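Visitor: Have a look at this one.
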There are 2 protein chains.
Amino acid sequence: MIQGVVLDLSGVLYVGDAAVPGAIEAIGRLQNSTVPYCFITNTSRRTLSMIEHSLQQLGFDIVADDIFTAATATLAYLNDHGLIPHALVHANLQDDFAQLQGVQPNAVVLGDAAQGFTYDSLNRAFRVLMRGADTPLISMGYNRYFMESDGLSLDLGAFTAALEFASGKQAIIMGKPSKDFFLQAVDKLGCEPQQVMMIGDDVESDVNGALHAGLQACLVKTGKYREGDEDSINADDCLLAADIAEAIDQVLARCH
Amino acid sequence: MIQGVVLDLSGVLYVGDAAVPGAIEAIGRLQNSTVPYCFITNTSRRTLSMIEHSLQQLGFDIVADDIFTAATATLAYLNDHGLIPHALVHANLQDDFAQLQGVQPNAVVLGDAAQGFTYDSLNRAFRVLMRGADTPLISMGYNRYFMESDGLSLDLGAFTAALEFASGKQAIIMGKPSKDFFLQAVDKLGCEPQQVMMIGDDVESDVNGALHAGLQACLVKTGKYREGDEDSINADDCLLAADIAEAIDQVLARCH
């Protein structure tokens with residue numbers, strides 16, 4: 001029985017600059033049902049309203065309130081723990097974190113700063129980490145690399161690993177495949193984890209991450225999916241679907 | 001019986017901008033003996049001639065030929081293995097590596113590039129690493145951080161760890177405490193490891209590194225030394241000396 005749905009965005013709803021065929025209508029069917037849903041993404045280069053805008057440009061009727069990002073999770077974590085962040089994040093996200101910053105930061109937040117990663121910006125973050133034994137390193141992802149139009153590029157995980165190595169601290173990861181991140185999304189839906197289906201194209205980050213957090217999972221064969229990926233799934237009863245349209249049909253048939 | 005001496009520079013011959021009291025005369029006594037010696041350092045921000053110049057400014061009669069650096073070891077390794085490097089190194093060392101570079105690099109060399117570490121420079125190095133499964137990552141050090149006048153700063157190890165994490169490769173470390181690095185220095189003296197005494201102020205990098213490589217070791221209580229460091233020595237018969245002057249006297253008394 002499924003009582004809620006969590007969906008990945010890139011590779012599931014769209015690939016590159018185009019919606020996956022049938023995806024817009026499939027999301028419409030989900031939205032016309034009574035099943036609560038939300039979209040989750042690790043991207044930390046764009047604000048919620050930028051993500052909303054680009055989804056609407058593609059033809060999806062999705063609003064920012066339906067999207068849960070690693071940045072949203074990080075802001076909630078900082079608030080819940082009363083932490084003042086030193087934020088090394090993308091220029092697009094600096095305003096979101098600026099409100100929480102203070103002269104005596106007691107946490108370091110890492111996002112995908114892209115060209116914002118320099119020796120000096122990393123060293124400033126390092127020094128804040130070393131100032132307090134309890135100062136946590138909070139990172140919006142732990143991916144090694146991602147595919148860009150001109151080749152593979154370093155992802156946030158590499159810079160997280162650099163600061164972990166230098167500081168001797170283990171980062172708190174906000175984003176897939178972190179269990180806490182999935183549970184925060186489930187909480188947003190008002191469901192229990194085992195009632196919620198995660199739909200994604202990344203067998204590790206989406207599918208095994210969700211299964212580890214106690215959710216159900218469906219792997220779609222679009223986006224990042226490569227033949228044989230299903231062999232790496234850590235469960236026997238994971239759903240497989242050709243694409244998001246088939247996935248939504250399977251999920252809605254199991255809802256009530 | 002000691003037939004050769006290897007010495008660390010910073011913290012042993014000088015601390016900050018000043019020679020350790022008695023160090024200039026002690027090095028003179030070593031130079032007037034018939035015992036072969038060399039100085040080793042991990043620094044990869046300065047060329048041999050820059051190091052020579054600053055030692056001579058301090059009053060030491062030391063020439064570049066007597067100094068063995070991680071960069072020297074790296075250049076030798078590249079030559080021995082016929083490797084064409086993509087070098088992400090400090091501006092001061094770029095000329096040294098430029099001679100070996102080519103259009104199809106098959107190795108990545110990391111030095112302490114300092115402000116030369118940017119997203120783009122690290123990403124270029126990452127892409128070279130990912131192009132060939134056999135392309136090695138060679139790094140001139142693995143230290144986490146070092147002390148600067150205004151606080152702790154990220155050292156080369158952090159950036160090495162970032163590229164190791166992203167590429168899934170383990171770096172070949174050229175510099176202390178690497179066993180190979182000590183053995184190259186010993187080889188330069190024409191001695192067997194067990195005949196050679198290493199004198200240093202860093203219990204891990206100098207002393208335990210040398211002992212692991214089969215050398216003898218002497219810890220001096222200057223520079224980086226902190227009370228109790230001797231408790232971390234991995235041997236029972238390591239020499240202890242108040243400073244380089246006492247260390248040289250102990251070593252020369254054991255030479256013949």
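Visitor: What's the average, rounded to a whole number, of partner chain beta-carbon atoms within 10 Å of each residue's beta-carbon in B:164-172?
Guide: Other-chain Cβ atoms within 10 Å of each residue's Cβ, averaged: 4.
Visitor: Past 25 Å, Cα to Cα: identify those pairs from A:Lys188/A:Lys224; B:Lys176/B:Lys224; A:Lys188/A:Lys221; A:Lys169/B:Lys169; A:Lys169/A:Lys224; A:Lys224/B:Lys169, in the order given.
Guide: Table pairs above 25 Å Cα-Cα are A:Lys188/A:Lys224; A:Lys188/A:Lys221; A:Lys169/A:Lys224.
Visitor: Classify the stretch B:49-151 as rounded, prolate or oblate, taking a ≥ b ≥ c as the square roots of the eigenvalues of its Cα gyration tensor: rounded when a/c is under 1.5, otherwise prolate if a/b is larger than b/c and oblate if not.
Guide: Here the stretch B:49-151 falls in the oblate category.
Visitor: Apply the Karplus curve 6.51 cos²θ - 1.76 cosθ + 1.60, θ = phi - 60°, to the phi angles in the stretch B:121-135 and return the couplings in whole Hz, x for Gly and Pro.
Guide: Once θ is set to phi - 60°, the couplings for the stretch B:121-135 become 5, 5, 5, 4, 5, 4, 5, 5, 4, 7, 6, x, 4, 8, 5 Hz.
Visitor: Can you list the HN-Hα couplings for the stretch B:195-200, worked out from phi with the Karplus curve (6.51, -1.76, 1.60; θ = phi - 60°), rounded to whole Hz and with x for Gly and Pro?
Guide: 8, 10, 9, 9, 10, x
Visitor: State the percent of C-alpha pairs, over all pairs in the stretch B:41-96, separated by a distance greater than 17 angstrom.
Guide: Within the stretch B:41-96, distances greater than 17 Å cover 41 percent of Cα pairs.
Visitor: Still on this structure: What figure in square angstrom, to the nearest 10, would you give for the accessible area of A:Asp229 with a 1.4 Å probe?
Guide: 30 Å²
Visitor: Report, to the nearest 10°, how far helix A:23-32 tilts away from the longest principal axis of the Cα atoms in chain A, using its own Cα long axis and a range of 0 to 90°.
Guide: Roughly 80 degrees, rounded to the nearest 10.
Visitor: Please pull out the direction-averaged projected area of the protein assembly as shown, using the convex hull of its alpha-carbon atoms, in nm² to one decimal place.
Guide: 26.8 nm²
Visitor: At q = 0.11, 0.16 Å⁻¹, work out log10 I(q)/I(0) for the stretch B:155-234 with the Debye formula, treating every Cα as an identical point scatterer and leaving solvent out; two decimals please.
Guide: Each listed q corresponds, in turn, to -0.35, -0.67.
Visitor: What order do B:Asp236, B:Asp206, B:Asp243 take when sorted by accessible area (1.4 Å probe), most exposed first?
Guide: Ranking B:Asp236, B:Asp206, B:Asp243 by accessible area, largest first, yields B:Asp236, B:Asp243, B:Asp206.
Visitor: Continuing with the same structure: Roughly what angle does helix B:179-189 make with the longest principal axis of chain B, taking Cα atoms, 0 to 90 degrees, to the nearest 10?
Guide: Once rounded, one gets 60 degrees.
Visitor: Continuing with this model, one more query. Looking only at the protein assembly as shown, where both bridge partners belong to it, what percent of the DSSP beta bridges are antiparallel (to the nearest 5)?
Guide: Antiparallel bridges: around 20 percent, rounded to the nearest 5.
Visitor: Just to be sure I understand: chains B and A are related by a rotation, so which residue of B has its Cβ closest to that axis, and how close in Å?
Guide: Nearest to the symmetry axis by Cβ: B:Ala162, 2.
Visitor: Let's see if you can work this out: charge +1 on each Lys and Arg Cβ, -1 on each Asp and Glu Cβ, no other charges. What is the dipole magnitude of the protein assembly as shown about its Cα centre, in debye to the nearest 20?
Guide: 360 debye
Visitor: Moving on to the next point. What's the extension gain from B:Gln94 to B:Ala18 if we count 0.36 nm per residue and subtract their Cα-Cα distance?
Guide: Separation in residues times 0.36 nm, less the Cα-Cα distance, equals 24.5 nm.
Visitor: OK, next. Between the alpha-carbon centers of the stretch A:214-256 and the stretch A:24-63, tell me the distance in whole angstrom.
Guide: That distance is 19 Å.
Visitor: For A:Gln101, place a label point 7 Å from Cα along the Cα-to-Cβ direction in every copy; what are the distances to the other copies, in nm, shortest first?
Guide: For A:Gln101, the inter-copy label distances come out at 3.4 nm.
Visitor: How big is D, in µm² s⁻¹, for chain B by Stokes-Einstein at 37 °C and 0.692 mPa s if Rh is the Kirkwood radius over C-alpha pairs?
Guide: Roughly 175 µm²/s, to the nearest whole number.
Visitor: Above 17 Å lies some portion of the pair distances; for the stretch A:189-256, what is it as a whole percent of all C-alpha pairs?
Guide: Considering the stretch A:189-256, 36 percent of its Cα-Cα pairs are separated by more than 17 Å.
Visitor: Which Cα, out of B:Ile40, B:Gln104, A:Gly116, lies furthest along the positive dipole direction of the protein assembly as shown (beta carbon charges, K/R +1, D/E -1)?
Guide: My answer, from the dipole projection, is A:Gly116.
Visitor: Also: Using the alpha-carbon atoms, what tilt in degrees (0 to 90, nearest 10) does helix A:244-253 show relative to the longest principal axis of chain A?
Guide: Between the helix axis and the principal axis of chain A, the angle is about 70 degrees.
Visitor: Taking θ = phi - 60°, what integer Hz values does the Karplus form 6.51 cos²θ - 1.76 cosθ + 1.60 yield along the stretch B:101-117, in sequence order, with x for Gly and Pro?
Guide: Coupling constants for the stretch B:101-117: 6, x, 6, 10, x, 10, 7, 10, 10, 10, x, 7, 6, 6, 5, x, 7 Hz.
Visitor: Going from most exposed to least, what order do B:Arg124, A:Arg127, A:Arg29 have by accessible area with a 1.4 Å probe?
Guide: B:Arg124, A:Arg29, A:Arg127
Visitor: Looking at chain B, send over the antiparallel percent of its DSSP beta bridges, to the nearest 5.
Guide: Of the beta bridges lying entirely in chain B, close to 15 percent run antiparallel.
Visitor: Rounded to the nearest 500, what is the 222 nm mean residue ellipticity of chain B from helices alone, with -39500 (n - 2.57) per DSSP H run of 4+ residues and division by all residues?
Guide: Per the formula, -10000 deg cm²/dmol.
The values are calculated or read from the model by the stated rules, or taken from the named source; none is laboratory data. The structure presented is a predicted model; accordingly, all values stated were derived computationally and were not measured. Note: ideal-geometry Cβ built from the backbone for every residue, glycine included; neighbour counts use all protein chains shown. For the accessible areas, the whole protein counts, side chains as well, though only heavy atoms, and no ligand, DNA or RNA atoms are used. Shrake-Rupley method; radii C 1.70, N 1.55, O 1.52, S 1.80 Å.
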